[in-house]
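Each value in this text was obtained by applying a stated rule to the coordinates, not by laboratory testing. Computed from a prediction, not measured in an experiment: that's the story for all the values here. Reconstructed Cβ throughout: ideal geometry from the backbone, glycine too, with neighbour counts over all protein chains shown.
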Amino acid sequence: MMDVTSRRAVLSEPPRSVESGLLRVSVLCALALGLGTLACSASPIACRVRTDAYTAPEDGTATYHAVVTGSATIKSIVYGGGDDAVTESNPTLPFEVQVSVPSGASIDITVYGSIDNGADGNVLADYGFLGASGATYTAHASCR
């Protein structure tokens, strides 16, 4: 039987190559700052968040949400499905929109964003479906 606590301790230590890579980046940043460069940061990490698609079993309403935490940003949101998909570029956050959905329509949301490399943050998306009979369905997704 494996000791889970020991395994977590081992997994929480970064590999030596990551530590040496971070050290190299830190030294390069320090040199750049010494030469008068105003800022030094690694490139943002691209993040594509997509929920599972759902086919509406009856007429109803879909409510789509997207939010960020920390240093994350959202460039665009695509909600709906198929030929009825709608794209929102540079949306105001937190994002929320409610739309009528006919029976048989596809419901999903995809969010394109980024998180500053090495920073704390997340991109989250979800939707909820409420059918005419009161039936409900929800789906959630996040970058991390």
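Considering only region 86-125, state which residues are under 18 Å from Lys75 (Cβ atoms), in contact (Cβ under 8 Å) with a residue 40 or more places away in the chain and of a type in the set (A, V, I, L, M, F, W, C).
Result: Ile109, Val111, Ile115, Ala119, Val123, Leu124, Ala125.
Could you please find all residues in region 93-130 being hydrophobic (A, V, I, L, M, F, W, C), under 16 Å from Ala46 (Cβ atoms) and in contact with a Gly (Cβ under 9 Å, 6 or more places away or on another chain)?
Of everything in region 93-130, those that are hydrophobic (A, V, I, L, M, F, W, C), under 16 Å from Ala46 (Cβ atoms) and in contact with a Gly (Cβ under 9 Å, 6 or more places away or on another chain) turn out to be Ile115, Ala119, Val123.
Which of the strands (runs of 3 or more DSSP E) contained wholly in region 54-128 include at least 3 residues that are within 15 Å of the chain's Cα centre (by Cα)? Talk me through it step by step, then tell me what you get.
On the way: elements: 60-70, 73-80, 86-89, 95-101, 106-115.
The qualifying strands (runs of 3 or more DSSP E) are 60-70, 73-80, 106-115.
Can you tell me how many residues within region 90-135 are closer than 16 Å to Thr51 by Cα, among the β-branched types (Val, Ile, Thr) and surrounded by fewer than 16 Cβ atoms within 10 Å (Cβ to Cβ)?
0
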